[in-house]
1. With each label point set 7 Å from Cα along the Cα-Cβ vector, what nm distance links Lys88 and Ile110?
2. Take each of the peptides 123-133, 697-707, 339-349, average the number of other beta-carbon atoms within 10 Å over its residues, and list them starting from the highest.
3. Just subtract the alpha-carbon distance of Ser6 and Gln154 from 0.36 nm times their residue separation and send over the number in nm, one decimal.
4. Toward the positive end of the charge dipole of the chain, about the Cα centre and with charges on Cβ (Lys, Arg +1; Asp, Glu -1), which of Ile80, Met621, His664 goes farthest?
5. If you take the beta carbon distance between Glu208 and Gln553 as r and set R0 to 25 Å, what does 1/(1 + (r/R0)^6) give as a FRET efficiency, to the nearest 0.05?
6. Using the Cα gyration tensor of segment 430-516, with a ≥ b ≥ c the square roots of its eigenvalues, what is the shape: rounded (a/c below 1.5), prolate (a/b larger than b/c) or oblate (neither)?
7. Ranked highest first by average number of other Cβ atoms within 10 Å, how do 444-456, 461-473 line up?
8. Rounded to whole Hz and in sequence order, give me ³J(HN,Hα) for segment 374-385 from the Karplus expression 6.51 cos²θ - 1.76 cosθ + 1.60, θ = phi - 60°, writing x for Gly and Pro.
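The values are calculated or read from the model by the stated rules, or taken from the named source; none is laboratory data. Quick caveat: nothing in here was measured; it's all calculated off a predicted structure. Using ideal geometry, Cβ is built from the backbone for each residue, glycine included, and neighbour counts are taken over all protein chains shown. All accessible areas refer to the heavy atoms of the entire protein, side chains included, with ligands and DNA or RNA removed. Shrake-Rupley method; radii C 1.70, N 1.55, O 1.52, S 1.80 Å.
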Amino acid sequence: MSDDKSFLVALDAGGTMTDTFLVDAEGRFSLGKSLTNREDESRSYMESVADAAAYAGLTAEEIHRSAVGITYTGTTMLNILITGTGAKVGLLATKGFEHVPHLERGLTWIGLSYEDAMHMALLEHTRWLVDINLVRPVAERIKGPTLYPGCHIQPGTAVVPLRESDVSKGVEDLLNVGVEAIAIVFLHSYENAAHEMRAAEIARAIVEERGLDIPVVTSYDICPIAFESERMKSVLIECYAGRKAQQQLFKVETAARANGYRHELQTLLSYGATAGIRHPRIYESIVSGPTGGLLGSKELLEKVKGLNNIICADLGGTTFDMGLITRGRLPINTEPHFYGHKLSLPMLSIDSIGAGTGTVVHVDEQLKLIKLGPESAGSDVGTCYRYPDITVGDIDLVLGYLNPDYFLGGTVKLNKEAASRALEERLARPLGQDLYDVCGKVLDLLHAGMKNHITSTLQSKGLDPSEYTLIAYGGSGPLHMWGLVEEMDLAGVVTCPWAAAFSAYGVAAADYFHRYQKSVMCVLPAGQPGEVLVYLCMGVNAAWQELKERAYQELENEGYARDKIRFRYGIYARYLGQMVSWEAPVEKSTVETPQDVQDLIDAFEKAYTTIYPVAARMPEMGYAITGVYCEAMVDRIKPVIARHSLEGEKPPQSAYKGKREVYHRRWVDFDVWEMDLLQAGNKIDGPAVIEHPMTTLIVPPENYVEFDEYKLIWYRKK
């Protein structure tokens, strides 16, 4: 570590492990890990930071006193949605639209497999975020956007004045029944927020008069976009789960400050931005951990190795998360869904299945069938540690892939005999098969599910796997990389020594920025003169200016001067007649000339042909710009991937740890190596087990691995 005692600390609190990535002022880093404590994440946070500090030869207190920023990610908000333990929410809605949050319950099928969706009798409606009895109507109406110009009433005009008595009575009623948060969602507030702002002013005055601490949240402040159902869902999630999730983050911050940290704790938002935990739109962090993996993959393979077609494969103890980076473009989903809730939130597109090494193995003795999950042991690992049911982790241990005395560097001891007894009783004997043979079949089942997930995703987009490099990470990524890529035709397969904390690395590598978006309706018919198109884009200019001013205000409140803030811009656009818009980055935030309009069109065409074939273009239809966004960025410390001199193929003898018998479709003696002692340029022939305190890399007999000049580990066929 550097003599300059400045550190950036990034953490990913997953369902099984809490990983720390510690970066000094020179960009050098060390790793830490602990089992996630779901009851009190501040405890696992401190353990993980202390572990990383020890590798750097420091204490947790020394790190906290010198840290310039700590970014903590996790899944607390998602867990609140899953368990239904959120706040009691009251809602003020435009009269006539009180049932919007309940009409969306028709999306119960979202996220289900085809087989599950077909069993309609077994489905349950999505749990309400707001009870129908806690919705109060308010008379008001703002004129919405017009697709084509010519309407005699301009968008944003108040056609029905706000009835303030409805607001006052509604708020009084909601407070009388004990709501814990008040949401305000009016129909076209994204065109003119005056009614929502006035209603919020009235509501806050009543709350203050009663001496209560209850947030009042408007849709304009959360997401000023056109789709009222997704907008309302976003506001409700902010009210229902946001504040409770913040309480967990506050506990982590309190623990850090008690240990010497002097700044605000930060978290990662779902689209890759970093923000303080008092961020006014904390719902944007609903899925923050897996996002770091995509950011890290792009940072590592594109910037360091020049690769821009990447399959990101994150295998942990609970889930298998997969993302695609095509031609260097991070995939953005503007309408993600979570357990039946569809909301408006730009989020890096990540597909997840329940396929971690903590996945529970179920056996149907009558039908002689094996089923994996969906339950996971999480940080309890399996019967080898403290979970009552058999898991994939038990199988990895019994087959010899895992060292029972080296789990988390030896801080956790696994009981191989207990796992062997449980697997014999609950897996091998009911199926009438050999213990080790049937354990191998379970791993084949696990790997097949992950491979099918990858290939079906690629095929659905018309993409060729042979053009993509797969990077495997997560605590179990290197452990099961061999089975994941077996019989797959890929351009390359790679992992790295810090794979176990790779998502935390992505969090550390992420830019510090906030993202702002706003709906507009700008129609650009084909064949119109350039001057006319410039005039039609005036609303786009105004929207960008509004977003930039909001960005300046928020970042100044966080302590950043205006001259330190940089911007990136983009639009959401589609061909006229299409129902879906696509995101496209652009260079400028003003449209002043016909060439500026053409630049917007060209940016959309470039983004569109990244997703679809060039033959799918339809410029003769004209274009519609349906939204704009801007990203406000500031600089901060980032990790640097050091380049090493190549030391030759022969690994140092000091890295060799002996042999271990492993059942890899048959009993084979595997060489065992210590990963941290291997050098750039080294080549390790299989069969081999390469151990690291936080993960294990398996190299089958027919494969070998090479360490390149950045110590990235390339997995190859002999």
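1. A separation of 2.6 nm, rounded to one decimal place.
2. Working: 123-133: 15.1, 697-707: 20.4, 339-349: 22.0.
Descending packing order for the listed peptides: 339-349, 697-707, 123-133.
3. Working: separation 148, 0.36 × 148 = 53.28 nm, distance 5.40 nm.
So the chain would gain 47.9 nm between Ser6 and Gln154.
4. Final value for the positive-end residue is Met621.
5. Details: r = 23 Å, r/R0 = 0.91.
The calculated FRET efficiency here is 0.65.
6. On the way: a/c = 2.38, a/b = 1.59, b/c = 1.50.
Prolate.
7. Details: 444-456: 16.2, 461-473: 18.2.
Taking the mean over residues of other Cβ atoms within 10 Å, the ranking is 461-473, 444-456.
8. The phi angles translate into x, 5, 9, 6, x, 6, 8, 6, x, 5, 6, 10 Hz.
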